[in-house]
1. Here's a check for you: in the stretch A:187-206, which residue that is on the phi > 0 side of the Ramachandran plot and surrounded by fewer than 24 Cβ atoms within 10 Å (Cβ to Cβ) is farthest from the other protein chains (Cβ to nearest Cβ)?
2. Being more than 24 Å from the chain's Cα centre (by Cα), within 14 Å of chain B (Cβ to nearest Cβ) and surrounded by fewer than 24 Cβ atoms within 10 Å (Cβ to Cβ) is the requirement here; does residue A:235 meet it?
3. Of the residues A:129, A:165, which single one is in contact with a Gly (Cβ under 8 Å, 6 or more places away or on another chain) and surrounded by fewer than 21 Cβ atoms within 10 Å (Cβ to Cβ)?
4. Show me the strands (runs of 3 or more DSSP E) found entirely inside the stretch A:315-402 where at least 2 residues are crowded, with 23+ Cβ neighbours inside 10 Å and in the same structural domain as residue A:235 (by TED's automatic domain parsing).
5. I'd like to check something: does the stretch A:408-422 contain any residue that is within 20 Å of residue A:83 (Cα to Cα), crowded, with 20+ Cβ neighbours inside 10 Å and more than 20 Å from the chain's Cα centre (by Cα)?
6. Consider residue A:242 against the criteria (1) facing chain B (nearest Cβ under 10 Å); (2) touching a residue at least 12 places away in the same chain (Cβ under 8 Å); (3) under 30 Å from residue A:125 (Cβ atoms): it satisfies all of them except one. Which criterion is unmet?
7. Within the stretch B:269-287, work out how many residues are open to solvent by less than 20 Å² (accessible area, probe 1.4 Å), in contact with a helix residue (DSSP H, G or I) (Cβ under 8 Å, 6 or more places away or on another chain) and not in a loop (DSSP other than H, G, I, E, B).
8. Give the residue, chosen from A:133, A:126, that is of a type outside the set (A, V, I, L, M), under 26 Å from residue B:246 (Cα atoms) and within 14 Å of chain B (Cβ to nearest Cβ).
Protein chains: 2
Amino acid sequence: MSTPNIAAAKAALSHIEQDENPATIRSKSRDFFWYSPVLKEKMDHLEADFVVNPKSEEEVIEILRVCYAHDVPVTTRGAGTGNYGQAMPMRGGCVMHMKNMASVKEIAPGRVVTEPGIVVKELDAQTRAHSGQELRMMPSTFATATIGGFVAGGSGGIGSCTWGALRDFGNIIRLRVVTMEEEPRVVELTGDELPRVSHAFGTNGIITEIEMPLAPAYDWTELLVAFDDFPDAAKFAEGVANQDGILIKLATVIEAPIGKSYFQRIAPHVEEGTNLVILLVAPHSVEGLKTFMEAEEVPGAIIYDSTDNDWPRTPGALAEYTWNHTTLRALKVDPSITYLQVRYRYPDHMELVEKVRAEFGAEVLQHLEVMRENGKVMFAGLPIVAFSTPERLEEIIRIHEEMGCMIFNPHRYTLEEGGRQSTDARQLNFKREADPKGLLNPGKMIAWDDPDFDYATMYDYPAMTPKPEAAE
Amino acid sequence: MSTPNIAAAKAALSHIEQDENPATIRSKSRDFFWYSPVLKEKMDHLEADFVVNPKSEEEVIEILRVCYAHDVPVTTRGAGTGNYGQAMPMRGGCVMHMKNMASVKEIAPGRVVTEPGIVVKELDAQTRAHSGQELRMMPSTFATATIGGFVAGGSGGIGSCTWGALRDFGNIIRLRVVTMEEEPRVVELTGDELPRVSHAFGTNGIITEIEMPLAPAYDWTELLVAFDDFPDAAKFAEGVANQDGILIKLATVIEAPIGKSYFQRIAPHVEEGTNLVILLVAPHSVEGLKTFMEAEEVPGAIIYDSTDNDWPRTPGALAEYTWNHTTLRALKVDPSITYLQVRYRYPDHMELVEKVRAEFGAEVLQHLEVMRENGKVMFAGLPIVAFSTPERLEEIIRIHEEMGCMIFNPHRYTLEEGGRQSTDARQLNFKREADPKGLLNPGKMIAWDDPDFDYATMYDYPAMTPKPEAAE
């Protein structure tokens with residue numbers, strides 16, 4: 001690994017917009033890694049040497065060419081709402097912020113072509129205004145997250161109850177990518193080439209254009225349904241998602257007392273023991289939903305309807321109580337909690353959740369997101385975990401896995417550990433081609449750094465900028 | 001049952017459009033009952049005494065009031081594309097043809113409000129032109145069938161691979177219905193009231209307005225995929241439907257040699273042994289589909305793509321080779337064949353199909369339509385059956401049922417026998433209220449005529465107009 005010539009690279013890029021304010025550089029070197037007490041401990045000191053804000057693909061190419069020439073690592077970021085530390089510059093160098101590349105290039109029936117730096121909410125506003133369309137899925141951070149960050153660092157979200165995960169065939173149409181070589185190339189990826197760079201944290205190419213499928217946009221009715229009994233709530237959410245004629249965008253199950261403890265605007269309306277289901281339902285499906293609830297004698301009550309309620313202060317967008325926002329709201333009230341990312345797979349999903357609840361009780365409060373996987377309704381879990389020690393957290397993960405749950409460990413910063421703990425040959429091979437010097441978001445792909453890693457313990461990137469105290 | 005005063009009723013309705021041409025009266029007394037050799041034998045002689053064509057709800061009310069006063073049965077029809085004899089006037093009287101009530105009243109995001117007599121294709125054209133929307137599902141007879149006939153006499157169709165069946169919660173929003181009483185009432189039905197009159201063949205009220213959910217309309221790409229092996233074809237169709245990110249409108253599996261024998265414009269392009277899968281895929285999902293085929297090493301080849309092919313003569317709309325059109329095409333080539341309507345339910349659907357194939361071989365050629373039921377992908381079967389005798393047909397049905405298939409017997413004209421062979425209390429109770437004299441489409445609801453019927457043999461409506469030879 002050659003020593004980067006930071007000063008030379010920064011100077012050579014002086015005609016491209018850079019952030020010079022130290023506070024800005026510090027904030028643009030961070031993402032939502034602090035969700036994890038483990039990552040917070042390990043990564044809090046990381047900081048870029050300089051931050052560039054390209055406004056075009058040409059500038060991206062120039063940044064990558066210059067940084068390649070000077071051996072400077074480049075870590076690319078959107079809004080930094082990822083929580084696996086995916087936008088953190090592990091050994092400093094250049095952070096490339098895509099905010100200035102935010103133009104929508106084309107909207108057509110079922111498709112949008114856009115630059116990566118646009119905030120999802122703004123993209124949504126444009127596709128809605130153009131033709132009543134919206135993204136199939138989006139993160140709960142839609143109000144600040146960029147589409148590029150979602151594609152490069154996300155996996156699914158609001159909408160996945162209908163459309164599955166981002167990685168499913170058809171959920172990304174095309175990605176245009178710049179490589180980091182002596183002379184960067186522009187590559188168009190489609191079909192089976194997409195997994196090379198989607199959810200690769202920008203480790204093997206920089207996305208400069210994205211073509212995504214669109215779904216019809218509706219004025220989704222937001223509902224809160226209260227249940228005394230958690231399994232009833234989970235069964236209801238699953239049941240709604242299995243109703244083929246009822247169109248939903250979101251079905252979230254929140255175990256008591258999360259609502260009372262952490263959802264401040266909802267708390268006055270619920271009890272300690274209230275389990276909640278959050279639904280986004282197409283307006284033309286609301287009556288079908290209510291008919292389903294009556295026909296099935298669902299033991300829950302709609303306590304909030306965004307189109308008709310007497311709450312003196314509304315909760316705001318219910319989508320912002322789901323996916324990672326559930327955790328965020330809990331962290332704001334109680335910074336000591338942490339969380340996990342779990343898959344409860346069909347057909348054992350319901351049974352697995354109950355086994356986990358029986359094992360951990362209040363130490364692991366359930367938060368389930370209804371998803372589709374291989375055409376079946378199942379649950380993604382983002383439980384809220386009472387954090388005691390990293391060792392206990394490891395034990396909780398191990399017990400989940402022994403029960404048959406799959407864990408995407410959000411207390412790790414590598415692609416492999418946050419995923420399936422195995423090498424993705426497509427991503428690795430493309431990195432060999434697109435990033436021969438290994439300068440793109442270094443430290444995030446174990447297979448590149450240490451092909452023989454055995455996953456026995458947390459991967460510790462050897463070249464990570466040492467902590468100040470360790471460096472003393 | 002009082003004797004109808006036909007002449008008085010007809011005269012009292014002389015200010016409403018009537019068909020006087022005997023050939024027209026004959027043709028408007030018939031539907032696609034002749035699909036079934038059993039129904040053809042029993043119903044071919046049926047004929048209305050007169051045919052009225054109301055142009056408004058007011059005229060419907062007047063027709064029902066007058067016919068009630070004169071004890072005249074009223075059988076309501078759209079285009080007569082139903083194949084359970086649902087539009088056949090069992091004891092003559094009045095046939096009410098809804099063709100003049102064909103106005104679309106409102107189109108909004110996700111919803112359309114329409115009169116019942118509009119042809120589905122025309123409704124589709126209007127919702128597309130207005131806002132790029134279409135019905136969630138439609139019959140293969142969309143080019144001639146009316147939306148009212150579909151709601152009153154259909155069960156699902158093209159689109160059911162995504163949206164399930166018409167009866168599923170949310171797939172009909174509202175029905176406006178006129179009762180047949182001394183003073184007819186207008187009733188608005190929503191929610192759990194809808195099953196009273198949907199798929200009730202007009203036996204307990206006349207639909208005058210329909211509110212249906214809409215889905216986004218795309219320029220669906222039509223594909224024919226050829227397979228040497230039938231199970232491979234079935235597995236492929238199921239697999240595509242289980243891909244959450246690939247949006248389809250239709251997935252049909254056609255066993256060899258149906259394509260070669262009965263699909264005349266397709267026959268030159270296939271072999272005797274070619275099994276076919278017909279797909280309608282959203283344009284923005286076609287590449288995802290192809291990627292799926294490569295990734296899964298699907299042993300089939302796309303032999304026709306509506307957007308890119310060199311066929312000197314195209315097959316026309318592939319949707320018109322599916323659902324009941326498959327049978328129709330076979331009947332045109334070989335009038336001796338017949339068919340069944342089968343449900344192969346999840347999770348045994350694939351296994352059941354193979355059991356049926358092993359049992360019957362070429363006597364029962366498989367034609368599967370991918371549907372969703374309770375959120376799971378399964379098959380509706382409309383197999384083509386080599387007809388020998390009614391007894392053998394009964395035996396074939398019995399063997400299917402013994403294997404665990406559910407049969408909707410299309411060789412019966414009653415709601416119960418074509419359905420679940422049991423009384424639908426909702427429909428019966430509403431008929432008591434809405435049709436106290438039992439004049440609406442008589443002979444189609446066994447529960448009304450003969451509550452103790454035991455289903456041991458085919459129901460034989462005692463008051464059916466006798467055949468001319470029997471009457472001699």
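1. A:199
2. Taking the combined requirement at face value, the residue satisfies it.
3. Within the list A:129, A:165, the selection yields A:165.
4. Passing ranges, in order: A:337-339, A:342-344, A:367-373, A:376-381.
5. Among the residues of the stretch A:408-422, not one is within 20 Å of residue A:83 (Cα to Cα), crowded, with 20+ Cβ neighbours inside 10 Å and more than 20 Å from the chain's Cα centre (by Cα), which makes the answer no.
6. Here residue A:242 meets the rest and fails (3).
7. Adding up the residues that qualify gives 7.
8. Going through A:133, A:126 in turn, the sole match is A:133.
The values are calculated or read from the model by the stated rules, or taken from the named source; none is laboratory data. For clarity, every value in this text was computed on a predicted model and none was experimentally measured. Here the Cβ is made from the backbone with ideal geometry for all residues, glycine too, and neighbour counts use every protein chain on show. In case anyone asks, the SASA skips ligands and DNA or RNA and just uses the protein heavy atoms, side chains included. Shrake-Rupley method; radii C 1.70, N 1.55, O 1.52, S 1.80 Å.
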